[in-house]
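Input: a single structure, listed below in structure tokens.
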Amino acid sequence: MNNLSVDHLIGIKDLTKEDIEIIFKTADSFKQVINRPIKKVPSLRDITIANLFFENSTRTRLSFELAEKRLSADVVNFSAASSSVKKGETLVDTVNNILSMKVDMVVMRHSSPGAAKFLSERIGAAVVNAGDGTHEHPTQALLDSYSIREQHGEDFNGRKVVIVGDISHSRVALSNIYCLQKLGAEVMVCGPTTLIPKHIDKLGVKVEHDLRTALEWCDVANMLRIQLERQDIKYFPSLREYSMLYGLNKEILDSLSKKITVMHPGPINRGVEITSDVADSDQSIILQQVENGVAIRMAVIYLLASKIKRQ
């Protein structure tokens, strides 16, 4: 049976390797759907999904919305900026008001770590975490690993992936570490000492501060954006200096002893963590990541909704 072991997608930490493989196989089917002339299936015609974004988002929100509509679900979009949250309404009150409209699933992004878990323990609908503070962003990690699988094959054993940049403030980094390790890959993090959390090696990852050394080691480089909006102090002198030490340009890429795959979860700060000629090169799979995001989110929503229907 292709059943997930969880009722909510709060974080990769809660998933088994089998869960991840079920999501990937389901995404394979949906990828065929989104590449045909009629891109819709009636799978979730009787399911209502609320997208609750308490934090700014463009790509993730649109990707979820598109995934939901491709599955024929009814979609309710909620933006905190124009809601009663501004008047002091609590998270649970907001969600309960939406649930009283008979919503089956909630996709939520929130600035507080643990917000999705908090919600899942208090409401009767399935909850999908679309990013909670600096904690986790599970669907991004799933689509990243799915994109690596597409490029390098299903066997992750021995695959070497480096995550470069602002590890301390990145929910994408943590989810990616959990996901890649569950699949059998080796993971390294690379960045300035100030942007690498203390004791991250306890998660079983390698730590490197020299970009070239990290790139020579890896098969795949996932270049993260500097999360300036989450930084309360200066962690490095300037973006220019960061770019000189940790920015990936074509000259560095071409000088490596092997061809590596370049990824970026977006949005890209071109000229900071990655230059345009790298982002647009044949070694970059950034646009494939965007396409795979819709297929992965369709898979997650479909699998969780299947559990709702059986209840």
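Going by the conditions given, is Ser257 out of contact with any His (no Cβ under 8 Å at 6 or more places or on another chain), surrounded by fewer than 21 Cβ atoms within 10 Å (Cβ to Cβ) and either in the same structural domain as Thr193 (by TED's automatic domain parsing) or without any contact (Cβ under 8 Å) to a residue 60 or more places away in the chain (or both)? It is true that Ser257 is out of contact with any His (no Cβ under 8 Å at 6 or more places or on another chain), surrounded by fewer than 21 Cβ atoms within 10 Å (Cβ to Cβ) and either in the same structural domain as Thr193 (by TED's automatic domain parsing) or without any contact (Cβ under 8 Å) to a residue 60 or more places away in the chain (or both). Asp166 - would you say it is surrounded by 24 or more Cβ atoms within 10 Å (Cβ to Cβ), in contact with a Pro (Cβ under 8 Å, 6 or more places away or on another chain) and on the phi < 0 side of the Ramachandran plot? Spelling it out, it is not the case that Asp166 is surrounded by 24 or more Cβ atoms within 10 Å (Cβ to Cβ), in contact with a Pro (Cβ under 8 Å, 6 or more places away or on another chain) and on the phi < 0 side of the Ramachandran plot. In region 136-157, is there at least one residue being surrounded by fewer than 24 Cβ atoms within 10 Å (Cβ to Cβ) and modelled with pLDDT under 95? So far as region 136-157 goes, no, none of its residues is surrounded by fewer than 24 Cβ atoms within 10 Å (Cβ to Cβ) and modelled with pLDDT under 95. Considering region 269-280, and only residues there that are part of a loop (DSSP other than H, G, I, E, B) and in contact with a Lys or Arg (Cβ under 7 Å, 6 or more places away or on another chain), the residue that is nearest to Asn249 (Cα to Cα) turns out to be Thr275.
Here is the figure for region 272-311: residues that are of a type in the set (Asp, Glu) and free of Cβ contacts under 8 Å to residues at least 40 places away in the same chain total 3.
Residues of region 185-198 that are at pLDDT below 95 and farther than 16 Å from His135 by Cα: Gly191, Pro192, Thr193, Thr194.
When we screen Asp155, Asp144, Asp201 for residues that are without any contact (Cβ under 8 Å) to a residue 24 or more places away in the chain, acidic (Asp, Glu) and within 29 Å of Val6 (Cα to Cα), the only hit is Asp201. Residues that are hydroxyl-bearing (Ser, Thr, Tyr) and modelled with pLDDT of 95 or more do occur in region 164-184, at least one of them. Test Ser175 against the criterion of being touching a residue at least 12 places away in the same chain (Cβ under 8 Å), touching a Pro at 6+ places or on another chain (Cβ under 8 Å) and closer than 20 Å to Val294 by Cα, and give yes or no. So Ser175 fits the description; yes.
I need the full set of residues from region 125-151 which are of a type in the set (A, V, I, L, M, F, W, C) and in a strand (DSSP E or B), in order please.
If the condition is that a residue be of a type in the set (A, V, I, L, M, F, W, C) and in a strand (DSSP E or B), then Ala126, Val127, Val128, Ala130 are the ones that fit.
For region 269-303, a residue qualifies if it is surrounded by fewer than 19 Cβ atoms within 10 Å (Cβ to Cβ) and among the charged types (D, E, K, R), and the qualifying residues are Arg270, Asp277, Asp280, Asp282, Glu291.
The values are calculated or read from the model by the stated rules, or taken from the named source; none is laboratory data. All values derive from a computational prediction rather than experimental measurement. FYI the Cβ positions are ideal-geometry reconstructions off the backbone, even for glycines, and counts take in every protein chain you see.
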